[in-house]
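Participant: Let me begin by handing over the structure; questions about it come next.
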Amino acid sequence: MITIVNYGMGNVGSILNMLKKIGAKAEITSDPETILQAQQLILPGVGAFDNGMKNLQEMGLIEPLNEAVVQQGKPILGLCLGMQLFTRSSEEGTRQGLGWIDAHTVRFKATENAPTLKVPHMGWNTINIKRDNYIFRSAGVREPRFYFAHSYHVVAHNQSDILGEAVYGYPFVAAIQHENIIGVQFHPEKSHSYGMSLLRNYALGEGLAVAG
């Protein structure tokens with residue numbers, strides 16, 4: 001059973017529908033006890049960093065998430081803002097993140113090579129997979145395509161945590177992993193067959209004991 005955390009900031013219905021489409025058992029919850037009893041978790045997210053952390057705090061979900069993920073070591077998959085909340089902080093606000101991954105979140109910035117970079121980054125983009133991980137194992141595709149919609153991206157302090165990168169003006173982290181914690185910057189629920197494959201791999205849990 002995959003438990004989707006509903007804290008008022010994500011496409012929980014779309015994620016649930018895709019999980020059902022691939023035959024995975026899933027539920028949506030805002031209940032701390034259900035989170036503690038979960039086998040696998042998904043933390044979705046659409047919106048601002050501070051609003052996400054504020055909602056988690058006001059709904060009493062930070063403590064059970066810390067217990068389930070950090071203390072019990074349950075697998076969790078963060079989607080878009082959900083991935084950013086795994087980091088220590090964000091340029092988008094002043095609140096501290098969950099701090100599960102040694103990283104911070106920054107806004108896309110124009111560079112010499114991309115002086116007119118349009119923000120947000122929206123649309124399809126390919127992922128350059130940097131190291132092996134079970135969520136990307138499908139048909140030998142080295143550069144799968146996913147749908148993005150974001151103005152901020154994660155900067156990892158440890159290169160070994162980076163699973164994959166995409167390029168928008170410059171390379172940025174598109175997928176990250178630290179032990180049982182996995183995050184992706186894109187929206188698998190909007191990414192058709194590639195997204196279905198990724199969620200299917202996560203649902204199967206293949207390789208959960210392997211760091212990558």
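The values are calculated or read from the model by the stated rules, or taken from the named source; none is laboratory data. In this text, all values refer to a predicted model and were calculated from it rather than measured experimentally. Note that each Cβ is placed from the backbone with ideal geometry, even for glycine, and that neighbours are counted across all protein chains shown.
Participant: Looking at segment 1-15, which of the residues that are surrounded by fewer than 21 Cβ atoms within 10 Å (Cβ to Cβ) and either touching an Asp or Glu at 6+ places or on another chain (Cβ under 8 Å) or in contact (Cβ under 8 Å) with a residue 60 or more places away in the chain (or both) is nearest to Tyr202 (Cα to Cα)?
Facilitator: Restricting to residues being surrounded by fewer than 21 Cβ atoms within 10 Å (Cβ to Cβ) and either touching an Asp or Glu at 6+ places or on another chain (Cβ under 8 Å) or in contact (Cβ under 8 Å) with a residue 60 or more places away in the chain (or both), the top hit is Met1.
Participant: Something else now. Of (1) over 24 Å from Arg200 (Cβ atoms); (2) in a loop (DSSP other than H, G, I, E, B); (3) aliphatic (A, V, I, L, M), Met122 satisfies all except one. Which?
Facilitator: Evaluating Met122 over (1) over 24 Å from Arg200 (Cβ atoms); (2) in a loop (DSSP other than H, G, I, E, B); (3) aliphatic (A, V, I, L, M) leaves (2) as the failure.
Participant: Which pairs do you get when a residue that is at positive phi and acidic (Asp, Glu), found in segment 160-175, comes within reach of a residue that is in a strand (DSSP E or B) and crowded, with 19+ Cβ neighbours inside 10 Å, reach meaning Cβ atoms under 8 angstrom, with the pair 6+ apart or on two chains?
Facilitator: none
Participant: Let me ask you something else. Just one of (1) touching a helix residue (DSSP H, G or I) at 6+ places or on another chain (Cβ under 9 Å); (2) surrounded by 23 or more Cβ atoms within 10 Å (Cβ to Cβ); (3) not acidic (Asp, Glu) trips up Cys80, so point out which.
Facilitator: For Cys80, the exception is condition (1).
Participant: If you scan segment 31-53, which residues turn out to be more than 15 Å from Cys80 (Cβ to Cβ) and within 18 Å of the chain's Cα centre (by Cα)?
Facilitator: Ile35, Ala38, Gln39, Gln40, Leu41, Asp50
Participant: Any idea how many residues of segment 1-45 are in a loop (DSSP other than H, G, I, E, B), in contact with a strand residue (DSSP E or B) (Cβ under 9 Å, 6 or more places away or on another chain), more than 22 Å from Gly60 (Cβ to Cβ) and of a type in the set (Gly, Ala, Ser)?
Facilitator: The total comes to 1.
Participant: Out of all the residues in segment 164-185, is one or more at pLDDT 95 or above, assigned to a helix (DSSP H, G or I) and among the acidic types (Asp, Glu)?
Facilitator: Among the residues of segment 164-185, not one is at pLDDT 95 or above, assigned to a helix (DSSP H, G or I) and among the acidic types (Asp, Glu), which makes the answer no.
Participant: List pairs: first in segment 197-212 and under 15 Å from Ile4 (Cα atoms) and among the aliphatic types (A, V, I, L, M), second at pLDDT 90 or above and part of a loop (DSSP other than H, G, I, E, B), Cβ under 6 Å, 6+ apart or cross-chain?
Facilitator: Partner pairs satisfying both residue conditions: Ala203/Ala24.
Participant: Shifting gears a bit: Considering every residue within segment 159-168, establish whether at least one is in contact with a Pro (Cβ under 7 Å, 6 or more places away or on another chain) and surrounded by 14 or more Cβ atoms within 10 Å (Cβ to Cβ).
Facilitator: Step one: filter segment 159-168 for residues in contact with a Pro (Cβ under 7 Å, 6 or more places away or on another chain), giving 165.
In the following step, the residues that additionally are surrounded by 14 or more Cβ atoms within 10 Å (Cβ to Cβ) were identified as 165.
Yes; the residues of segment 159-168 include at least one that is in contact with a Pro (Cβ under 7 Å, 6 or more places away or on another chain) and surrounded by 14 or more Cβ atoms within 10 Å (Cβ to Cβ).
Participant: For Gly60, are the conditions met, namely being over 21 Å from Arg107 (Cβ atoms), part of a loop (DSSP other than H, G, I, E, B) and not acidic (Asp, Glu)? Write out each step before concluding.
Facilitator: Values: over 21 Å from Arg107 (Cβ atoms): yes; part of a loop (DSSP other than H, G, I, E, B): yes; not acidic (Asp, Glu): yes.
Criteria met by Gly60.
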